[in-house]
Each structure stands twice: as C-alpha cells, then as structure tokens.
1. For residue A:89, all conditions in the list (1) assigned to a loop (DSSP other than H, G, I, E, B); (2) touching a Leu at 6+ places or on another chain (Cβ under 7 Å) hold save one; what is the number of the exception?
2. What residue, among those in the range B:26-70 that are surrounded by 14 or more Cβ atoms within 10 Å (Cβ to Cβ) and polar (S, T, N, Q), is farthest from residue B:87 (Cα to Cα)?
3. Here is a list of conditions, (1) within 11 Å of residue B:244 (Cα to Cα); (2) away from chain A (no Cβ under 14 Å); (3) surrounded by fewer than 17 Cβ atoms within 10 Å (Cβ to Cβ), and residue B:211 meets all of them except one; can you say which number that is?
4. Taking the range A:182-199, which residues are hydrophobic (A, V, I, L, M, F, W, C) and crowded, with 16+ Cβ neighbours inside 10 Å?
5. Of the residues B:116, B:83, B:100, B:122, only one is modelled with pLDDT of 95 or more and open to solvent by less than 10 Å² (accessible area, probe 1.4 Å); which?
6. Any chance the range B:87-95 includes a residue that's closer than 30 Å to residue B:5 by Cα and surrounded by fewer than 24 Cβ atoms within 10 Å (Cβ to Cβ)?
7. Among the numbered conditions (1) open to solvent by 20 Å² or more (accessible area, probe 1.4 Å); (2) in a helix (DSSP H, G or I); (3) not aromatic (Phe, Trp, Tyr), tell me where residue A:55 comes up short.
8. Given the condition in the same structural domain as residue B:122 (by TED's automatic domain parsing), within 17 Å of residue B:237 (Cα to Cα) and surrounded by fewer than 21 Cβ atoms within 10 Å (Cβ to Cβ), answer yes or no: does some residue in the range B:174-187 qualify?
Amino acid sequence: MNRLDGRTALVTGGRQGIGRAIVDAFIHEGADVATCGRAGRPGDLPPTIGWHKTDMASADNIEDLRLEMLDRFGGLDILVNNAGIQIEKTILDTSDEDWDQLMGVNAKGVFMACRAMIPIMKRGGVIINIGSISGNVADPGLALYNASKAFVHGLTRSIAVDHGPKIRCNAICPGWIMTDMADAAFAVADHPATAKTDTLARHPVGRFGQPEDIAAMAVWLASDDAAFATGQCYTVDGGVTAASPLNPGLF
Amino acid sequence: MSAVRPDYLKGRVAVVTGGCGGIGRAICQRFHAEGATVYATDIAKPDFGDTPIHFVHHDVSQEDGARNVMNQVRDDQGKLDILVNAAGIEAEKTIEDTSLDEWNHSFAINVNGTFLTSKHALPLMRAAGGGSIINFGSYDGFIADPSLAVYCATKGAVHALTKAMACDHGPEGIRVNAVCPGYVDTPMLRSFFGDSGDIESLQQAVRDVHPLRTYGQPQDIANLVNWLAGDEARYASGQLWVIDGGLSAQAQQMRL
C-alpha cells in the first residue's frame, strides 16, 4: 500500500531540483503524475509521466494545462506549485521587466494555477505551494524573490481558509537546498567555496538540504496522514533559521 | 537621541526590577526624567548619584521579596502604574552541561520573578485604575543563540506569559507587553563575549552582522519601554516587541 495510490498530481517546474524530486517521490508512492516546464520534455523523464510545455506566467498556458489535466486525469487531486525563479538584485537594480518576469511566475503563476485547478479537484484536493525561508527573513540581494515568497505564504493561508474543507493548502519553506538555484546564489560570492563552508557551519544538521528532503515533506502533506494540516507554512531548512544570525562561534 | 518629555509619566509610580543592571538602570533614569516616581529593586544597590530614585532590596525569586516591595510602594504611594520586570540572568551552557539547580535558578529569576512581582503588583495597579506591565523577553525567545539553552527557554516562557497576562488583566485596564532586545551593550553581553582575547575585533564583527551596523545601547531599550509605559501606548497590549537593530529580520549571515 503506497501513500498516494490512485491519486493524480500536477507538479509545476518538474524538470530539475525540488520539482523533479517531488515528481519522483510521488511516482514512488503510487501517484499518477504530470509535470511541466518552459522548455521541451526532459530526456530522462519516465515515459508514463505527462510533460506539458508551460509558461506559468501565461494565462493561456495555464488554461491549456487545466484542459490537459481534465483530458489526462478527468480532474486533479494534488497540485504542487513548485515553479519559481529568482533574480539576484536589490530593488534599486530591479527593472519593471524583472518584476513582471519574477512576479509573473512566482506570484501570478501560483494564483492562476490555484484558480484554474481548484474547480477540477472534484473529490477535494491538496495544494502544496513551495514558499521559502526567504519569505520569512530576508536574504540580501534577493528583494523581489523574498517578497514573492511572502506572497505565496499569504495566499496559502487564504486558500486554506476560503476553500476548506474541500481543499487543504499548505506551503513548504525550504532552506538552502543544493540545486542549480543555490549554486547561482553562491556563484555571486567573492569566494564561493568559503561561502559554502561558512553556510554549512550554520546548519545544525551539518549539511545542506537535498531536493529529496523537500519531496519527503511534500509526500506527507499530500497524503492522508496530513488530513488535519492546512493553512500552514512548514519550514524544512536543517535548523538554519532556528539559530540566531549572529553566531559568535564563527567569529 | 531620545526626546525626553518631563510630563509623559508625570504622577505615575513605577517599579523596575533589576534596576541595577545595564538596561534596568537606563529605564529608571529615563522614567525619572519623564516625571515618574521610580522604585528600583535589585539584589545590590545601584548608584544613581543625586537622582532621587528609591531603592528596595529585592530577590525576585522570593515571594516575600515581591510582597515587601509592593507593601512599601503601597505605604508610600497607595498605587502602582508601571511595572518593568527587567531582572534576569543568563547561563551560557547547553542543556547537557546544565544542572537541574542551574536550570531552576534561571527559571526562578527570569520566569518566577516575572510571575511573582506581577502577581503582587496587580492589587496596586487596580488601585491606580489600570497600569502597564513590561516584561523582558528576548529575541532569543524566538531564535536560538548557541549554548544559551535555559536562557532561550525562560524567554520563550516570558513571551507566552505576557500574552496570558494581557488576556486576563486587559479588562481591568492593565496592559501587558514584552520587549525583546537583541544584542545590547550591557555587562551581561560583555560576559557573553567572554575572554575571547581580541574583544575589539569581536565587537566589530558583531556590529557588522547587524543591518544597522551597531548593537544596541541600554537607552535604545529604555526608549521603547518608556513609550510602552505611558499613554501613547494605550492600545498596545499582549505584544512582543522585538528591538534588535534588524538582526532577526535577516536570514543567516553567511560570509559570501
């Protein structure tokens, strides 16, 4: 007996990183999974998994995605809003185009996906949004990204309140997960290797996160074990935000 | 740096526990400058120079101590308007290195002290027709500094107690808030820095981690306590007021 047997799931942004780990974990738990991304189908995606070329900032693309879910699954049980982008800038360096691009995916895309999919969750459903610890505390030089994740946290609570009991909606707030996105953040450091070592020392668990760490939480939230969990933002960050930013042991 | 108004607390009677400590002392002086009649309580007498601040010996962990303080205030003034529970200690240890006696001692002062002093202050606040209690939480009640386990736990307890007291006594016009300082330049902080050798470079490193590039002075905390004590804060109750130079607004400060 797998925890997601008989469930249908859409995971946005499933090409790589956290999204792909959630796709793989959902398959392992028996779910029927579709995923999407801006480019063509990844070569290593198992053939049973649906792939839909989708720009999450496009209303037309989201409507196509909705129709494809109806066609493929006859509805939807689980939606994971994982697709997201980050732009490494303060607001002074951020253009209107940057705003449209980032907020289009991270904020409007999540809104549009929820608006489109809730009505086709005919048996009730589960929405899992990927927020971030950066939505609770600020990472320097990631202003719009931080703000977009705070939006996700707020929307998560609103959906839980407005659409319960039919829909359960929670967010996962990952910390530093070793993905291409984290490597991009380290790449702008003066000394990327030192930065990584220093960051590691601030994690009580003594390691960075892996995409599978977030996928494990997503599986739990999607399953009936989480039947009483809704409207919450669950942090999975190896303890990094439980500690003070000021760690005298590191000076 | 602070705009003292000699009438803001005119006619008010205030008790400040831990009045000898770095922050407590700054609060006593500020309250006096704002027109209040001030009772500093502590286990050792502070030196306030010529400033007319009353002193009452007070071990906050003892219930008789709280009774004694409030008896004297009642006999002298007949009422109490403001109570600041500033007495506190920290123990720099993990739980593994902390004995039960040390654990109980921290709770006796930081938590029991807040409980007992507030409990015995309530009748005098009713006599005043209401009042303002200001507890000392800490940003460490939200996120942890390493090797301060029992301190973090006591401050988390004070945060919850603050909300409970605000609920219970709000209908009587008694407001209860907690201030939650970050790093403030006090003897307690200097003890935390310890004998790390080059304290100057350590202090600079600590400043650099703060968005405001400084850590606080006792007067910075007294500014907030003063506001909470008076009528400008008449709608403020049950809240935890973090004041930390922006330290806890940010993510972990890696050297990037």
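The values are calculated or read from the model by the stated rules, or taken from the named source; none is laboratory data. What you are looking at is a predicted structure, and each value in this text was computed from that prediction instead of being measured. Because the Cβ atoms are built from the backbone with ideal geometry, glycine has one as well, and the counts that use them run over all protein chains shown. Note: areas computed on protein heavy atoms with side chains; ligands, DNA, RNA excluded. Shrake-Rupley method; radii C 1.70, N 1.55, O 1.52, S 1.80 Å.
1. Every condition holds for residue A:89 apart from (2).
2. Selected residue: B:37.
3. (2)
4. Here is the first cut: in the range A:182-199, the residues hydrophobic (A, V, I, L, M, F, W, C) are A:182, A:184-189, A:193, A:195.
Those that are hydrophobic (A, V, I, L, M, F, W, C) and crowded, with 16+ Cβ neighbours inside 10 Å: A:182, A:185, A:186, A:189, A:195.
5. Going through B:116, B:83, B:100, B:122 in turn, the sole match is B:83.
6. Start the filter on the range B:87-95 by keeping residues that are closer than 30 Å to residue B:5 by Cα, which leaves B:87-88.
Right, trim to surrounded by fewer than 24 Cβ atoms within 10 Å (Cβ to Cβ) and you get none.
Scanning the range B:87-95, I find no residue that is closer than 30 Å to residue B:5 by Cα and surrounded by fewer than 24 Cβ atoms within 10 Å (Cβ to Cβ), so the answer is no.
7. Unmet condition: (2).
8. no
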